[in-house]
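The values are calculated or read from the model by the stated rules, or taken from the named source; none is laboratory data. Since we're looking at a predicted model, the values are computed, not measured. Here the Cβ is made from the backbone with ideal geometry for all residues, glycine too, and neighbour counts use every protein chain on show.
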Amino acid sequence: MSAESNQEIDIMHGLKTVLAQIEAAVSRRSKDLPQVAPRLVAVSKIKPAALIIQAYEGGQRHFGENYVNELAEKACDPQILEKCKEIKWHFIGHLQTNKINKLLGSPGLFMVETIDSEKLADNVNKQWVKYRKDEEKLKIMVQVNTSGEEAKNGIEPSESPKLVEHVLKNCPNLDFVGLMTIGQYDYDTSKGPNPDFLTLAKCRQEVCQKLNLDINNVELSMGMSCDFEHAIELGATTVRVGSNIFGARPPKKA
Ligand SMILES: *Cc1c(COP(=O)(O)O)cnc(C)c1O
C-alpha cells in the first residue's frame, strides 16, 4: 500500500472517530444547555493541501488556520479551489492589522473567531466592504482570554459585553455569532470542570443579559483535541480539532 493511501485511511478514521465522539458528548450534555449541535472545525495548520482535500472528500467542510499567510495560501491553492468548492475557512489565530486585507481577500473565508479589540473590529468592519459578496456580513467571534495568561490573546472576560456591544452598534458589516477561547492547555479534568470553559459560558450569560440577546443564538467556540468532548458537555457549539484528525504536529521549537 502506498504512503498516500495509508494517510487517507488515517484521516478518514480520525474524522469518523471525532464525529462519533462529538455525538456521544452531545448526548451527555446537561439538558438546560442550548441544544445546538456542535460544529467541527478541522484545524489543518502545518498540514498540506492534499490532506485537507481528503478530509473534504470525507464530508468535512469547516477548516481552521491560525496564520493568515497559511490560510491565504491554502485558500488559493488551485487543487483546493477546484475540489473543495464549499470549503469554509475559520481564522483562529492572532490577527495583525497589516494582515487584515490578506485574510479578508481569501476565497472561502467563513468566520474570524479572534476579534479581541474595538480597534480590530473597526478595521475588519471597514475593510470587509471591499471583499464581501451580495452585501453579506462577515461572521465573527469575540475572543476571550479566560485563563488570564499574558501569552494568550483575547479580551478580559469582564470586558466582553462592552466589545460585543461595540460590534453590534458600530460594525454593521460584521455578524456577531459568539465567543471563543483557547484556555490553558493540559487542564486535568479529574479536578472538575475546566474553569476556562465555565468562564466562557458565564461570559455568554452576561453578554446575553446585558445586551438582550437570545442565548440560543450565541455560540461558544472552545475545546481542542485533548478536551473537545469535555467542552461539548459544558456547552461548546464549535470545537476546533487538529491533531486527532490530521495526526500530531511536530513540537513547537522553544
Ligand atoms: C492548533 C489549534 C487548535 C487545535 O489543536 P489540536 O490540539 O491539534 O486539536 C485549536 N485552536 C487553536 C486556536 C489552535 O491554534
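Leu138 meets each of the listed conditions (1) under 16 Å from the mean Cα position of the chain (by Cα); (2) within 30 Å of Tyr187 (Cβ to Cβ) apart from (2).
Of all residues in the range 109-135, which are of a type in the set (Asp, Glu) and at pLDDT 95 or above? Those that are of a type in the set (Asp, Glu) and at pLDDT 95 or above: Glu113, Asp116, Glu118, Asp122.
Picking from Gly64, Gly59, Gly108, which residue would you name as being out of contact with any helix residue (DSSP H, G or I) (no Cβ under 7 Å at 6 or more places or on another chain), over 18 Å from Asn123 (Cα atoms) and surrounded by 15 or more Cβ atoms within 10 Å (Cβ to Cβ)? Step through it out loud before you land on a result.
Values: Gly59 fails: surrounded by 15 or more Cβ atoms within 10 Å (Cβ to Cβ); Gly108 fails: out of contact with any helix residue (DSSP H, G or I) (no Cβ under 7 Å at 6 or more places or on another chain).
On inspection, the qualifying residue turns out to be Gly64.
Within the range 229-254, being within 16 Å of the ligand (Cβ to nearest atom), of a type in the set (A, V, I, L, M) and over 14 Å from Thr181 (Cα atoms) holds for Ile245, Ala248. With a requirement of 2 or more residues that are of a type outside the set (Lys, Arg) and in contact with a Pro (Cβ under 6 Å, 6 or more places away or on another chain), the helices (runs of 4 or more DSSP H) lying completely within the range 186-254 that satisfy it span 195-211. Note down all Cβ pairs under 7 Å where the first residue falls in the range 214-227 and is closer than 19 Å to Lys202 by Cα and among the hydroxyl-bearing types (Ser, Thr, Tyr), the second is near the ligand (Cβ under 9 Å from one of its atoms) and modelled with pLDDT under 95, and they're at least six residues apart or on different chains. Every condition considered, no pair remains. For Val124, the conditions (1) buried (at least 22 other Cβ atoms within 10 Å of the Cβ); (2) among the aliphatic types (A, V, I, L, M); (3) within 15 Å of Glu219 (Cβ to Cβ) are fulfilled apart from (3). Here the condition is being crowded, with 18+ Cβ neighbours inside 10 Å and within 19 Å of Phe228 (Cβ to Cβ); of Ala75, Ala37, Ala25, it holds for Ala25 alone. Selection within the range 216-228: residues that are surrounded by fewer than 21 Cβ atoms within 10 Å (Cβ to Cβ) and within 12 Å of the ligand (Cβ to nearest atom). The member of this set that is nearest to the chain's Cα centre (by Cα) is Met224.
When you check Pro172 against the structure, is it modelled with pLDDT of 95 or more and assigned to a loop (DSSP other than H, G, I, E, B), yes or no? First the steps, then the outcome.
On the way: modelled with pLDDT of 95 or more: yes; assigned to a loop (DSSP other than H, G, I, E, B): yes.
Yes.
Selection of the range 123-142 for residues being without any contact (Cβ under 8 Å) to a residue 40 or more places away in the chain and in contact with a Lys or Arg (Cβ under 9 Å, 6 or more places away or on another chain) yields only Leu138. For the range 29-70, the set of residues classified as acidic (Asp, Glu) and either in a helix (DSSP H, G or I) or within 16 Å of the ligand (Cβ to nearest atom) (or both) consists of Glu57, Glu65, Glu70, listed by residue number.
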